[in-house]
Structures are given as C-alpha cells and as structure tokens.
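First the structure, in the form of structure tokens, and then the observations on it.
Every number in this text was worked out from the coordinates using simple rules, so none of it is lab data. Small disclaimer: the values here were computed from a predicted structure and weren't measured. Heads up, the Cβs are rebuilt from the backbone with ideal geometry, glycines too, and the neighbour counts pull from every protein chain shown.
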There are 4 protein chains.
Amino acid sequence: MGMTGTMVAVLKPGPAPGCTVTRVAIPGIGPRDVLVRVKAASICGTDLHIVAWDKWAERRIRPPLVFGHEFCGEVVEVGAAVTHTEVGAFVSIEGHVADGTCYQCRTGNGHICENVSIIGVDRPGCFAEYVSVPETNVYPMDRGISLEVAAIQDPFGNAVHTTLSGEVTGLTVAVIGSGPIGCCAVAVAKAAGARNVFATDIRPYRLALAARMGADRTIDTTQEDAVAVILADTGGHGADVVLEMSGHPDGVRQAFKVLRRGGRASLLGIPSQPVTLDLAEDIIFKGATVYGINGRRMWQTWYQAQALLQSGKVDLSPLITHTFPLAEIDKGMDLLRKGEAAKIILYP
Amino acid sequence: MGMTGTMVAVLKPGPAPGCTVTRVAIPGIGPRDVLVRVKAASICGTDLHIVAWDKWAERRIRPPLVFGHEFCGEVVEVGAAVTHTEVGAFVSIEGHVADGTCYQCRTGNGHICENVSIIGVDRPGCFAEYVSVPETNVYPMDRGISLEVAAIQDPFGNAVHTTLSGEVTGLTVAVIGSGPIGCCAVAVAKAAGARNVFATDIRPYRLALAARMGADRTIDTTQEDAVAVILADTGGHGADVVLEMSGHPDGVRQAFKVLRRGGRASLLGIPSQPVTLDLAEDIIFKGATVYGINGRRMWQTWYQAQALLQSGKVDLSPLITHTFPLAEIDKGMDLLRKGEAAKIILYP
Amino acid sequence: MGMTGTMVAVLKPGPAPGCTVTRVAIPGIGPRDVLVRVKAASICGTDLHIVAWDKWAERRIRPPLVFGHEFCGEVVEVGAAVTHTEVGAFVSIEGHVADGTCYQCRTGNGHICENVSIIGVDRPGCFAEYVSVPETNVYPMDRGISLEVAAIQDPFGNAVHTTLSGEVTGLTVAVIGSGPIGCCAVAVAKAAGARNVFATDIRPYRLALAARMGADRTIDTTQEDAVAVILADTGGHGADVVLEMSGHPDGVRQAFKVLRRGGRASLLGIPSQPVTLDLAEDIIFKGATVYGINGRRMWQTWYQAQALLQSGKVDLSPLITHTFPLAEIDKGMDLLRKGEAAKIILYP
Amino acid sequence: MGMTGTMVAVLKPGPAPGCTVTRVAIPGIGPRDVLVRVKAASICGTDLHIVAWDKWAERRIRPPLVFGHEFCGEVVEVGAAVTHTEVGAFVSIEGHVADGTCYQCRTGNGHICENVSIIGVDRPGCFAEYVSVPETNVYPMDRGISLEVAAIQDPFGNAVHTTLSGEVTGLTVAVIGSGPIGCCAVAVAKAAGARNVFATDIRPYRLALAARMGADRTIDTTQEDAVAVILADTGGHGADVVLEMSGHPDGVRQAFKVLRRGGRASLLGIPSQPVTLDLAEDIIFKGATVYGINGRRMWQTWYQAQALLQSGKVDLSPLITHTFPLAEIDKGMDLLRKGEAAKIILYP
C-alpha cells in the first residue's frame, strides 16, 4: 500500500551552487500526512538563494534536498490517521509545518511556531511530481481558481497577512518594494479600501506591474526621493500604513521616514544584514506600531486570501508572467535573476 | 459686533404635532462658537418624530425649537476664543455636542458623552439660515464634495462608524434594514472589501437603492425569509458581520439569527420598545461580539468618511433623491412618510 | 495491547431522573487519543441538570452515558499517532472536543467549534476511573498545583476567559452572580489589577465566598438593589466591566443597567429562557461592547490560568469546600442543591 | 485683574551650561488657561540635559527659560473662556500641550500631536511659584494622594502608558533599565497581574529600588548577562512583554533578544544615537509587536494611574528619595548625577 517508485524532481545535490533535474524516490507518508501530486509550482526568491548557495543557504540547507515551496496540487493518498482530507481534493499548501505543541501553536500563532520546519527548505519540497505534507498543512482551494493562482497562495498570503495586520480602509498606504509580494500587497490594500497606495522600487518592470495591480503612484527610487514624494503628497504627514517588502536597509529606513505619527509599519522583507535605525525619531516619538510579519496566519490569512480571489476583489493573473515545464526551471531562474519576471509557474 | 436680525427657520412652536416656517432671531455665538450659514440641510427620521410629536418627542423636545441636524455650510462668524476655524470655511457639522469633560470625552469617546446635547434636538438646529455651533463641532470639508453630499455626513458617518467598528475585508456582511444609513453601510462595506453583502428591507424602493449602492443580494423580507436565505447562501454558517440598521424587533432577531459563530453584530437601529432575545443561542454559545453604535467617532469616523468620498470608493449621489427649498419642507416630509425617498436636501 | 476490563463509573442509565454507580467497560482509545486515569473530578451545575433530567438534558443527552467533565488525571496510555504526550503526564482536560476542521477551529477559535462534542455531555465523561480523550484536549499541569485545583480548571478557565476578554487593570468590575465561576472571576479581576470589584448573589453563603476571594463589596440582591448600590458607589457612572455569571434574566438586566457608557459586558451565564432587554438604553446609546463567552480559549486561557496559579496571584483553595469518594457523589449533589457548597471534589 | 508681580524661579538664562535661581514675572494667562500655584515639583533627566546644555538642549531650548515639567499644584486663577476648572482645584499637569487640531489630536491621540509644545522645554515650566497652563492640561487629583506622589504623575504616567500598552496579566515581563520610570513600570506590571517581572540596570541602587517596587528578579548587567538569565529563567522562550526604559543601545538590543516569539516590546527609553538592530531575527521572524511610546494617553493613562494609586495597587512612596526647597535644586541635581536618588521633590 502507498505509492512507490520514482519521480522527476529538482534537486540540490550537495553543498555547492547549482541544482539538477533528476529522479528521486516518491516520498512516503506518515499516518497524519497526505501525498499531493503537484499540478503547478512557483519559484520564490528563496529558491534562488538555495541555487546560488549563499551564506544563508549554507547555514540552513542540508542537501541533498528537493526544494521549492509554492505549489498547488491534488491529494492522491492519505495516511491512516487522516481525518477530513479526501483523495481527489484540490489543495494549496501552507509551507510552514508547525509543531502544534509549542506556546505559539497552542495560542493561535502557529505561523511563528518555535520549531517550524519549512517545506522545500527543511524538508523535501515541491519542485517534484509528488510531495508529502501533514494533513494540517493543506488548504482546500475553490476549483474556480486557476492552477497558476492556486500555486502562488504562499506569497499572496504573505501580502494578505502583512497588509491586513491592521486597518487599511480610508488610509494612505506605502508599499516599499514592488516585487511579487509587494505587488500583491498593492492589490490587497486597494481591495480593502485604501485611500491611495504608493509603491516604490528600483526597477521599472516591477513598478509597471505595481501600477497594473492598482498603485495610485509609483516611485522609482533611482529617479525620485521616495520620502520626499510621499511626504509632499500627504501634506507632510506621511503614510498611515507602511508595508516594508524590500528587505533592503535603505527601504527599511524609507519605511520609517514616510510613516505618519501614530502610523503602522508592517515589516515582511528580510534584511540580510543588521539595519541602523533612528529609533527615537522613527518609532518612539512617533508612537508608531511596528509588526514583524512571518508567514501566513493559519488559517485566517488563507480564508481572507481565498475570499479576495473568489469575490473578484483581487486579480492575480497579471503577476503570472511566465510558465515552463518543471525541467526547464533554469529558464525561469534566469528571468528572475534579470528582474524580468514576477511569478514563474512550473508544471511537473 | 456679531450678526443680528432675523432669519427664516422651521420651528416646532409648541408641544403638539406639526411645524411652521417662520422668522426667528439669528442665534448669537459664545466665545468658543462659530456661526454657520446653512448651505444645505437634510431630513432625518428623527425630524419626522419631532413633527409627529410622538412619545419620544414629547419626552425629549422642549419647544419652541428650530430642529434639523444634518447640514453643511459656511462659517460666517467666529467667537473670541476660537483658535483654528476661519470665516469662509466650508464645513459639515457633528451634531453631538459633547461636554469635553466627562470620562468618555477625556478618553477619546466623546461620541458617547454623558452629557451630550444634540443639535436640532436639545439645542437650535439647522432648518434655518444660520446655526451657532461650538468650534469643536465643525469638520472642514473638501470643496470637491458637493453641498448635497456634505449635508449628509451625519447619517453617512453613522454608517461608516457602524461598518468599520470591526473587520470587513474578505468577510460576508448582512445589512438589516436598507434605509439611507443601511444603504450607506452597503457602500462602505463594499469599499472596505467585503466578500459579499446582503441587504434586507420591507420596501422594494429601498432594496433597489441598496442594490444600486452595491448589495450583492437584496432580500425583501415580506417575500423571503432573510434568515433562511442568508444561511443557505453561507453554507449554513451565517454572516461574519451583521449591521443592524432597522431598529425593528424582528430585524434585531434576524440580525442575531444570521450571525456566524464568533461573528460581529453592530447595532445602530434604535428599537422603540424592549426586544426579547435568545441570549444563550444568539450571543453566548456563539461567542459573538456585539457593539452598540451611537453617533460618529470624533473624528476618526469623519476622516474615514471623507477619505472614502475623496478617493471615489463611495459615491453617495444615488441617495440624494429629492431637493426642495427649505420653505417646502412639508413636501420632503410627505415623501419620506410614504417611503418614496432616501435623502431629501433642503436649501435655506 | 490497550487497557481492558471494567471500571467504576457514575452512569445515567436511561432517559429519566437519577444516576447510578456501577461498573462499565474501560474506554478504548483511537490512534490520536490518550487514556487518562482520573485522579480528581468535580461536580458542575450541568451534572445536576443531567441527573434531574430537565428539558435541556432530555434534548441533549443520549443515555446510557458516563457524565462529568471537570477533572485532572494521569495519562496511562497513548494512541499510535499521538505525537507529544507521554504516559505518566499530569494533565487537566479541556472538555470541549473541537473538530479541528471548521472555520472557527482553523482561525484560532476552537472554543466555539461548530461541531463541538463535550466530554460528559456528548461523549463519555470523567465520573469514572478512566476517560479517553483526544491528545489535543490535554493540558500539562504544573505538579505544584494540587489535584483538587487541577480538577477545576474548566470552571476556573471560564472565569479567566470571561474576565480577561477585555481590559481590567485600574477598572471597576461588577460580577453578577457569585457561584463558583463568579467567585473565580472575582479573584481573577483582583489579580489583574481591578480598581474595585462588586459581587452580587441571592445567597449569603456565596457572597461570603466572594468576599473571601477578594470582592471589595458584596451585594445580597434579596436585601439590596444591586443597580442602586453600584451606581451610587461609582458616582452614577456604573461599572467599567460587567461579568454576567448568573444566567438569570434579572441578573442579565442588572448587568446592563450597571454598565458604564462605553463599558464592556461579558456574558457567560446561560439564561434558560429568552431575556427581554432595553437594547436602546442598555447597549446602543451606551456604545457598549458585549461579548458572548463560551468555554475557554484553547489554549490561551489555560496558559493564563496556570500562570495565575503558579505565581500565587490566585488561590482557588477556598472554593474547594468538600471532598468525597466518587461512589458518594450523591452527597455532593445534595450539598450543591442546597446551595451549601462551592466546588465538590470526587476521588475515583 | 489677574495676578501680577514676580516670583522665584529656576532659570536657564542663556545658551550655556548652568542655571540660576532668580525672580521673574508671574506668567499671565490667556482666556483658555489656568494659573497653577506649584505645590511640589520633581526633577526629570530632561532637566539635567537642559542644565548641562548638551547637543539636544542646544537644538531644542530657547533661553531664557524657566524649566521643569513634573509638578502638582492648586489652581489660583482661571481664564475667561475656562469652562469646568475652578479656583482651588488640586491638580497634576500633563506636560504635553497638544494643539487640539491635528489629525492625531482629533483621533484620540493627542499624546503624539504634530505640534506639541512641552511645558518646561518649549514654554515656561514648573521650577517656579506659578505656571500658566491650558485648562485642557490639568487633571484633578484625589486629595488623598500626597503632594509628592501627585508631583510625579508625568513619569508614573509614562510607565503606566508603556506597561499597559498591551496585555500583562499572567505574562512574564522584562523591564530593561530601572530608573524611576522603570521602577514605576515594575510596580504597574505587578499590579496588573504579571506572572513575574525581571528588572535590569547597571546600578545596584536602582536595582534595590526595583526589587522594593516588586521585581521578582533583578539583574545587574555589569555582573550578569541579562539575555542569558532571562532566557534561562523562561525555558529559552524569552519574556512575553519587554519594556525598554534605558534608551541605551545595549539595552535596546537586549530588549529584542529577550523577547519571546509573538511577544510585545514597548519602547520608551530614548536612544541618543541610532541603534543597529538585527531586524530579521529580532522583529520579523519573531512576529513581534513593537510600540513606540511617547508621553501619556490623554486621559486614559491618567485615569489608570489614579485608579492604581487610589486602590492601593501601586505605592510610589519608595521612589520619593529626597526633598528640597526649590532654591536648593542644585543639591538634587547633584544626587541625580551621582545616581544616588530616584525622584527628588522640590517645594517652591
């Protein structure tokens, strides 16, 4: 009983740059797991780090590893103690496997589990034909949602979580960094009734996408001073809500400089190095509220995300810029490195 | 110094049904007050109660009284201790004059001041050429907003306060009662990203307006069972958010019956008699959150309201169904009694 | 494998008043369950309803049933798919078995699960030597907490959940109804820094306990008008926080009459019949916040409860008024019916 | 009409270190102001900066200036447009004069007014016999509270605001920096039901006071590693709540290192220079909530503060370590510079 045999997968074979498309064993499932046949996967910036084998990857990844963590698929097998998921279900997958037993998990905050294990980072991922995941990590998707959109619920969920971590309706929102998650955040903010939305980036390609997703004003920070523009456009008060999506120290500093007194800054972008802040002026005197955002709230974020899609309030299709067969993952990686793509879908 | 002479006004002359258009003295202003020349006023259901001289009016109103409380205008005179309002300002007026000294006022909750005095109810109102109001009660309006829309910020603010008293984005909202405030609430909920919005009423005229304001599903409760419809359309779960705008005991009971477990009910409609509720099933077992809503938060609600109008997220113009000179107020009252109008604007 | 044989238990044998102490089979456990050897159990008012076989019991209970749901014990056996609970663990048990799959469960609100099954009500309970419960329903207790106190975490948790559902520090709190949960709430409110705590009841026995648990002012509502006393003692403003623990229509009405404008009422007591309220004066004009409270938040409430006990902020021992062997449950029931006891502990 | 003549005051005469006790004119009052006769004042660290004439002082202070901002007194004169304050009232004074017209002021957040003017910094202060303040800045004190305690409501209010900016009951709290405000925060956290409270500092004098105010564990960071101690004592999880009161870059870094995943850090201490933080580990991955805290919420903080004092939950008397006549202010300054005092009271 149980699926056996091998499957095509993208493997990080050892502690060095690169990856390889090869065959590996189909993963087995435990009593509480389900086996998902991957229908569509998507490439995340994290995957580029793994392939490049940078310092973060060296510290975190234990090869050989099938990586990739953004995907949707169909349940093809369920473990003996699975209670409510059926073979044939169309699902998207929460990539953070929480332990379910720590304080955070037991108080509704499994997204910041102390012992989280991330699919495609700490355990086998989705650039493959099959993935084994705990039943608790699947979210049933409306079949009216396309495979491509269902595959990017992880980054879309990041944006939903970040944007809706406080009030938005009637407020001015600044999105710092217009990568795919930033672009999603623009759309979520508009759907939630933001008064107007600024979006910044250093790449015209991304700013064009941000505009298409609804940004009222895009700012190319290689050409304009984002702080000056946003302060000028808000009567000198700043933005009510700032969503930091760049992870760049300059972006973080801009985020706090454009934040209104009493405003809310939600930080999702991950700086690769320490950041120097003027805490007195930027946070304390302002009486600012700052949220660190990690993952997606399980499962509030997922319900919100699906509702925004089902109701037509958010349309993610402009972000699906390219599609490839899984075996041509290199092409997608190249496009991303050049900054000429948003979300790239792979079909195993 | 100060404006003197008389002005045209609608007066409740004594403790009996009816009202009269007559001339009264232009009101004087105290050192902290401003005199507003009324540009447009609107009729509220409360005004009908005052004219009809029902039990509530008999208990509350002390004639002779110029009534009316929904209006906008221009500041024409300011008191000696006024600090930041200038003659010529285009303003809408918060009708609740808070004392500024009670616990509620001193903790940011002036809308539920213990000693509130309401313009047009407890002190001279706006169905007149001029009104004297404390400087703290004027809100500067964007000149891009029409006189007619600026005149109905009080009921629109009720709707904004009620709808945004909790989360809305991605949620299902049921508006019970589609009078003008209910119709405004439909629009606010849609602007805030509600997944879908139900609106109920007993009058097709109002339901047609609710649909025009964005309701996804209208329910004529003389023809359909609102509870059955909403439960059926939500998979038996009920609405995440219920906004009670009818004030009718049946509406209140429907409100709680259609509320999802863990949902939020915000009650604005004022029942004229006690209501019998199944607290165990409707509130306690459900773990429901219930908010009593009164007035408008000063001034968060006003900022939100203006932002929704300025950004084009909400268009109130369909609710301005009729306009008359002030002296023809009777025509407006008649239309409202027949249920063939939403907001009626009067020009002094 | 697995424990077999019979055990002593208190059984509701059929659809009629009464109960019997008898031997039944030791329950089996599923792969995700644990078997708990009961060390101490406690009698709840619900158990009296089951024995009395009133209308609620007739509707809800399916005999034969071992009832009882407040208890602590030791894990003696674990199912095959149990992941983090070990034999020998000292645990108290959350009585609400949530399905883990509904919207509420998946958004951190399992305490209001749509498909809840309650131990000792919908499935075999704790007036027995052994109980089978899902692993997810056990909470590890600090061994420094006595068996008797560990056995009453369910009602204590009700009080913690109700009291801490909003701010308390520096505020005036009125506890309506001083049964065991009301007495716990008094202690929690004091521990959380309430400025002063009123406690009402109709029985001097309970009011004496409330005073012992820290109430600053007790009110025997057969002798004094609770509304008048609380308004007089709060300068006419009312209590900032009202905790309704009586479930009696008069108590509910008092609760709303003594609530300050802008205050918070948390309702835990379950009225057995509809209650007529003056919604306009009691909730709407006041701008009140009303929470329906059900069960205990899993597991925030449990962490809070244990912290209050471990830190010595709350001492529940005065509420443990009597202890009996399980077989003498009738004696305990009699005391409770006479109102001459708070919590009665049974040792199987 | 109005008090005239001169009074004794402590003056910063010009842009250089030092101060002088001299006679200046009694301040006049505007129509909305009241004149307060100072009964007791207290020295804040800010006053030391003004005397020392450091860079901050050079930038902010415009001499000649009577400084000092912590005080209580009696109202001896009221302006013509004053509405509810009477001569003879015993009052403590909120030092932040908000403009009442900016967005923050009009949305219940006057403590972060965009145009704040601080008594004793931007306008004449309290090291004098009389001070003129807007009526809106006086808070009536219970006459049962001593002059000395009434004089330190400003720093006590800082502590109340910081500590109660989130939940505390049943949680572990770390207070970083045990100056007078830190010591107040220890007391507030204990009063609010904190499970246990850590307090850090570099001075044994302050740590002894923190212990006296209720700290369960004090940490001399010149002798022990605060991060190691707090992590060890919390099972490696960290503190649920961290209150940063030191303003020192090392303190700020410790604050984030000891913060639990999902915890709350409230920052009050003002770093005099930029601080370098590991945002990824300290805020983002943790899903932390960070609040910048400025001043005192008007007037929620004041109500909370007074309730804690009136109910006996907090006793501030151990912090009143020295008293002097106003003319001997130098003695108090010396003691503070040596770190051998907490709050020093001056009597004009």
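Some observations on this one:
- Sorting B:T107, C:T83 by the number of Cβ atoms found within 10 Å of their own Cβ, with the fewest placed first, yields C:T83, B:T107.
- When the Cα gyration tensor is reduced to axis lengths a ≥ b ≥ c, the ratio a/c is 1.5 or higher for segment C:99-174, and with a/b not above b/c it is classed as oblate.
- Rounded if a/c under 1.5, otherwise prolate or oblate - segment A:1-143, Cα gyration tensor axes: oblate
- Charging the Cβ of each Asp and Glu at -1 and of each Lys and Arg at +1, and nothing else, the dipole of the protein assembly as shown about its Cα centre rounds to 0 debye.
- By the count of other C-beta atoms within 10 Å, a proxy for reagent exposure, C:K55, D:K286 are ordered fewest to most as C:K55, D:K286.
- Residues whose amide H falls under 5 Å from that of A:I270, counting only those 5 or more places apart or on a different chain, are A:G247, with hydrogens built in the peptide plane.
- What separates the A:Q310 label point from its copies, with the point 7 Å along Cα to Cβ, is 3.5, 4.0, 5.0 nm, written shortest first.
- Ranking of D:V133, D:V24 by count of other Cβ atoms within 10 Å, fewest first: D:V24, D:V133
- Computed packing ranks the peptides C:193-201, A:295-303 as C:193-201, A:295-303, most packed first, by mean other Cβ atoms within 10 Å.
- Average beta carbon contacts from partner chains per residue of A:192-198, 10 Å cutoff: 6
- Inter-copy label distances at D:P13 (7 Å, Cα→Cβ; nm, one decimal): 7.6, 8.5, 10.2
- Which of D:T169, D:L267, D:I284, positive extreme of dipole for chain D (C-beta unit charges): D:I284
- ³J(HN,Hα), Karplus 6.51/-1.76/1.60, whole Hz, each residue of segment A:262-278, x for Gly, Pro: x, x, 10, 10, 10, 9, 10, x, 9, x, 7, 8, x, 10, 9, 10, 8
- Per-residue average of Cβ from other chains inside 10 Å of B:74-84: 2
- Percent RCO, i.e. relative contact order, over chain D, from Cα pairs under 8 Å lying at least 6 residues apart: 17
- Distance violations [Cα-Cα > 27 Å] among C:K12/C:K39; C:K313/C:K338; C:K190/D:K286; D:K190/D:K257; A:K286/B:K313; C:K313/D:K39: C:K313/C:K338; C:K190/D:K286; A:K286/B:K313; C:K313/D:K39
- Three-way shape call for segment B:149-306 based on the alpha-carbon gyration tensor, with the a/c threshold at 1.5: rounded
- The packing ranking of peptides A:327-340, D:241-254, highest mean first, is D:241-254, A:327-340, where packing means the average number of other beta carbon atoms within 10 angstrom of each residue.
- A convex hull fitted to the Cα coordinates of segment D:199-259 yields 77 cubic angstrom per residue.
- Scaling against 2.2 N^0.38 Å puts the C-alpha radius of gyration of segment B:221-348 at 1.31.
- Put a plus charge on the Cβ of each Lys and Arg, a minus charge on the Cβ of each Asp and Glu, and nothing anywhere else: the dipole of segment A:30-163 about its Cα centre is then about 240 debye.
- Placing unit charges on the Cβ atoms only, positive for Lys and Arg and negative for Asp and Glu, gives chain C a dipole magnitude near 140 debye about its Cα centre.
- For D:106-117, mean number of other protein chain Cβ atoms within 10 Å: 4
- Plainly put, the tip 7 Å out from Cα toward Cβ on D:P249 is 1.2, 7.0, 7.1 nm from that tip on each other copy, the closest given first.
- P(r) tail fraction, the protein assembly as shown - alpha-carbon pairs more than 44 Å apart, %: 47
- Peptides C:174-187, C:155-168 ranked from most to least packed by the mean count of surrounding Cβ atoms within 10 Å: C:174-187, C:155-168.
- One Cα centroid belongs to segment B:53-90, the other to segment C:306-320; the line between them spans 56 Å.
- Projecting label points 7 angstrom from Cα along Cα→Cβ for C:A232 and B:R217 puts them 5.4 nm apart.
- Beta bridges by DSSP in the protein assembly as shown, antiparallel share as percent, to the nearest 5: 55
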